[in-house]
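Contents: one structure, followed by commentary.
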Ligand SMILES: CC(C)(COP(=O)(O)OP(=O)(O)OC[C@H]1O[C@@H](n2cnc3c(N)ncnc32)[C@H](O)[C@@H]1OP(=O)(O)O)[C@@H](O)C(=O)NCCC(=O)NCCS
């Protein structure tokens, strides 16, 4: 089995990613969720895993952002939109795509830590991959202004060093 892993510009690769993302988080699915109204940032890059038989099977969005932690500026690498086609899960695709994304974050020397947001049913998945819960407060921008972001739980990953307490301001839309 040959697998192709591409890391592409986020905007340019949206048409490729769209059918997979809509399959997992289509408008009819998202409108029923507590975070269905949240306005999300667009990724800077996307990790895309394709196979010759199935086409696109897995996606991870990468976000580079200067946030603040306890008022101090810090550059982080975000992951978001992590998903595998429903009928192709459990084959290691998400693990591979997350690894590729982390490799890309580490290649950016300014990145101090990884940051993602997830729902309780995925806590164990990320904890098994060495992500740690950030137990402080997170703020972000929305069209109506600055809000406390508590729709999903923040998880951090040590690149240089990740904080697990304090106050993070995403200084923009969440991911
Ligand atoms: C979470 C998700 C991305 C995993 O994709 P995947 O390609 O199946 O993941 P992998 O095959 O790399 O890893 C699967 C492994 O994680 C485990 N796993 C998968 N989901 C899990 C979860 N929610 N909690 C704990 N373990 C989980 C599997 O049991 C498997 O374990 P194993 O390697 O020991 O057998 C996929 O289930 C998905 O797309 N879910 C819907 C979208 C979503 O919730 N995305 C996360 C947004 S933060």
Item checked: Test for residue 103: is it surrounded by fewer than 20 Cβ atoms within 10 Å (Cβ to Cβ) and near the ligand (Cβ under 8 Å from one of its atoms) -> no
Margin query: If a residue counts only when it is within 28 Å of residue 3 (Cα to Cα) and at pLDDT 95 or above, which strands (runs of 3 or more DSSP E) contained entirely in the stretch 72-157 have at least 2 such residues?
Written below: 72-84, 113-118
Margin query: Is it the case, given these coordinates, that residue 111 is crowded, with 17+ Cβ neighbours inside 10 Å, within 26 Å of residue 11 (Cβ to Cβ), touching a residue at least 24 places away in the same chain (Cβ under 8 Å) and within 16 Å of the ligand (Cβ to nearest atom)?
Written below: no
Notebook entry, point to check: Of all residues in the stretch 13-45 being in contact with a strand residue (DSSP E or B) (Cβ under 7 Å, 6 or more places away or on another chain) and not in a loop (DSSP other than H, G, I, E, B), which is nearest to residue 79 (Cα to Cα)?
Noted result: 45
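For (1) surrounded by 12 or more Cβ atoms within 10 Å (Cβ to Cβ); (2) over 18 Å from residue 115 (Cβ atoms); (3) free of Cβ contacts under 8 Å to residues at least 60 places away in the same chain, each residue gets a yes or a no:
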residue: 7; (1), (2), (3): yes, yes, no
residue: 12; (1), (2), (3): no, yes, yes
residue: 29; (1), (2), (3): yes, yes, yes
residue: 36; (1), (2), (3): yes, yes, yes
residue: 44; (1), (2), (3): yes, no, yes
residue: 47; (1), (2), (3): yes, no, yes
residue: 61; (1), (2), (3): yes, no, no
Notebook entry, point to check: Would you call residue 73 surrounded by fewer than 12 Cβ atoms within 10 Å (Cβ to Cβ), within 19 Å of residue 171 (Cα to Cα) and under 15 Å from the mean Cα position of the chain (by Cα)?
Noted result: no
Check: What residue, of 139, 151, is within 19 Å of residue 41 (Cβ to Cβ), surrounded by fewer than 19 Cβ atoms within 10 Å (Cβ to Cβ) and more than 15 Å from the ligand (Cβ to nearest atom)?
Finding: 139
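The values are calculated or read from the model by the stated rules, or taken from the named source; none is laboratory data. Since this is a predicted model, take the numbers as computed values, not measurements. Here the Cβ is made from the backbone with ideal geometry for all residues, glycine too, and neighbour counts use every protein chain on show.
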